[in-house]
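This report concerns only the one structure given below.
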Amino acid sequence: TVENLYNINQTCMEQYRKGGGNMDYYKAALELHEQHKGKIEVTAKVPVKTRDDLSAAYTPGVAEPCRVIAKDYEQSFKLTRRSNLVAVITDGTAVLGLGDIGPAAGMPVMEGKCALFKEFADVDAFPLCIDSKDTDTIVQTIYLISKSFGGINLEDIAAPRCFEIERRLKEMCDIPVFHDDQHGTAIVVAAALLNAVKVTKKEMAGAAGIAIGKHLINMGFGNVIMCDINGIICEGDEGLNPGQEEISHISNLNHEHGKLADALKGADAFIGVSRPNLVTKEMVSTMNNGIVFAMANPTPEIMPDEALAGGAAVVGTGRSDFPN
């Protein structure tokens, strides 16, 4: 239960404080998951204690809401849990910063997201891990189960496949489709960057990275330079995927080329949603009073202490055990 998780968390934090801040969160998480066999459970909202209870919750009474919904589809959102039930779905190909570890290995993250839905928004969520990397199969699978839910939350699906999956599902489904790695991350980063800009007294000039870039450009944060594994993305480059090609027309306005280190020289902010240990304190030192959001999980692109040692003015990560 949420209460049990809270009590365990409090115990863990007490151990952390007694140990001088050296708690092993990986060990604590493994113990927590083993003890509880996961982090969520399904409970009944109505009593099924008497014959009358059973007859109203199930047969014969349940036939009446079925008949009503058959005549009016919209009633399914009023007479069932659909209006407050979200499917949290992955194919296990981009789990945290761990990469393609498979659908079963992605289940703890999906369960965790469901726990967050319930704790912070009182929204019921159910984890679904699809054992396929085929875009058509994933799209069809999600579409076929969509009548059970009020919303779809796509999670940890590798780019560029995730872009097409999201686009097609929005066209096919009659419920909201949200890709957390794109839209959720973009919203959180934009909010954090607004605050960081205020703290550093900077002026606004006018898969996750692509969506963040679009969102920041639309909000007027100025010249956004995108980088992938090969370095700076520039309009006209060969081999860009569809998402990169689209954003190349509105980013990197000076058509710069080079590696990540080149992009960071004189930059006001670094936003990382990639992989561990890509950034050094020397690279941070070349920034302009830098804002560093290193959000690769579980290991960020640069550890907070290293970023601060490099002269970063504001540092944030995607982890809950580091101060932001």
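Quick notes on this structure:
- Residue within the stretch 93-109 that is open to solvent by less than 30 Å² (accessible area, probe 1.4 Å) and over 21 Å from LEU30 (Cα atoms) present: yes
- Here the condition is being at pLDDT 90 or above and open to solvent by less than 40 Å² (accessible area, probe 1.4 Å); of ALA312, ALA296, it holds for ALA312 alone.
- Look at (1) open to solvent by less than 30 Å² (accessible area, probe 1.4 Å); (2) assigned to a loop (DSSP other than H, G, I, E, B); (3) in contact with a Ser or Thr (Cβ under 7 Å, 6 or more places away or on another chain) and you find that SER251 fails only one, number (3).
- Here LEU260 clears all of (1) modelled with pLDDT of 90 or more; (2) within 19 Å of the chain's Cα centre (by Cα) except the condition numbered (2).
- Residues located in the stretch 30-66, provided they are in a helix (DSSP H, G or I) and of a type in the set (S, T, N, Q): GLN35, SER55
- All told, PHE149 falls short of being surrounded by 14 or more Cβ atoms within 10 Å (Cβ to Cβ), modelled with pLDDT under 95, in contact with a strand residue (DSSP E or B) (Cβ under 7 Å, 6 or more places away or on another chain) and not polar (S, T, N, Q).
- Note on the stretch 60-92: among residues that are within 30 Å of the chain's Cα centre (by Cα) and hydroxyl-bearing (Ser, Thr, Tyr), the one that is surrounded by the most Cβ atoms within 10 Å (Cβ to Cβ) is THR90.
- Where a residue in the stretch 38-49 is among the acidic types (Asp, Glu) and its partner, wherever it lies, is in a loop (DSSP other than H, G, I, E, B), with Cβ under 9 Å and at least six apart: GLU41/THR1
- Of the candidates HIS249, HIS257, the single residue that is more than 19 Å from VAL314 (Cβ to Cβ) and in contact with a strand residue (DSSP E or B) (Cβ under 6 Å, 6 or more places away or on another chain) is HIS257.
- All of (1) open to solvent by 80 Å² or more (accessible area, probe 1.4 Å); (2) under 21 Å from the mean Cα position of the chain (by Cα) hold for GLU246 with one exception: (2).
- Of all residues assigned to the stretch 152-159, at least one qualifies as being over 30 Å from LYS78 (Cα atoms), surrounded by 22 or more Cβ atoms within 10 Å (Cβ to Cβ) and among the acidic types (Asp, Glu).
Yes/no per residue for (1) modelled with pLDDT under 95; (2) under 19 Å from the mean Cα position of the chain (by Cα); (3) surrounded by fewer than 17 Cβ atoms within 10 Å (Cβ to Cβ):
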site: PHE120; (1), (2), (3): yes, yes, yes
site: ASP124; (1), (2), (3): no, yes, no
site: CYS129; (1), (2), (3): no, yes, no
site: SER132; (1), (2), (3): no, no, yes
site: THR137; (1), (2), (3): no, no, yes
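- Considering the stretch 201-228, and only residues there that are over 12 Å from ILE271 (Cβ atoms) and modelled with pLDDT of 85 or more, the residue that is surrounded by the most Cβ atoms within 10 Å (Cβ to Cβ) turns out to be ASP228.
- Listed here are the helices (runs of 4 or more DSSP H) enclosed by the stretch 113-212 that have at least 3 residues being β-branched (Val, Ile, Thr): 135-145, 185-200.
- Scanning the stretch 254-285 for residues that are outside any strand (DSSP E or B), β-branched (Val, Ile, Thr), open to solvent by 30 Å² or more (accessible area, probe 1.4 Å) and within 23 Å of ALA190 (Cα to Cα) yields a single hit, VAL273.
- Close pairs (7 angstrom Cβ cut-off, 6 or more residues apart or separate chains): farther than 16 Å from ILE152 by Cβ in the stretch 107-124, buried (at least 17 other Cβ atoms within 10 Å of the Cβ) and of a type in the set (Asp, Glu) anywhere: VAL109/ASP156; LYS118/ASP124
The values are calculated or read from the model by the stated rules, or taken from the named source; none is laboratory data. Quick caveat, the model's predicted, so the values are computed rather than measured. We place every Cβ from the backbone using ideal geometry, glycine too, and count neighbours over all the protein chains shown. Please note that ligands, DNA and RNA were not included when accessible areas were found on the heavy atoms of the full protein model with its side chains. Shrake-Rupley method; radii C 1.70, N 1.55, O 1.52, S 1.80 Å.
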